[in-house]
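Structure first, then comments.
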Amino acid sequence: MDQLQSATSLGEAPEAERRSRMLKYSLAMGVRLVCIGACFFTPGWWLLAPALGAVLLPYFAVVLANSVAPSKGRGPLRPGTISVTALR
């Protein structure tokens, strides 16, 4: 029995994946900017929390941006062998 090909069995387009990773990275860098700004207004030992966020967030943002999500589903379907049928 022949299997029909479906465009929905394909993975995410590279452009869409790249866009989602850049969005995650930009969001993490925005949070880092907030942490840097909070360092100017936070007194005492509480200063340690936004300072750690400002120092550690770039590492996690790069790791998050470089991680590629595993493909959902089983991947694209491959066509079977070509069968020749006689036309009458």
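Points worth noting:
- With eigenvalues of the C-alpha gyration tensor scaled by 5 and rooted, segment 25-68, Å: 23, 10, 5
- Maximal additional length on extending the A38-L56 stretch stands at 5.0 nm, based on 0.36 nm per residue less the C-alpha distance.
Read-outs: derived from the displayed coordinates by stated rules, not from any lab. These figures come from a predicted structure and were not determined experimentally.
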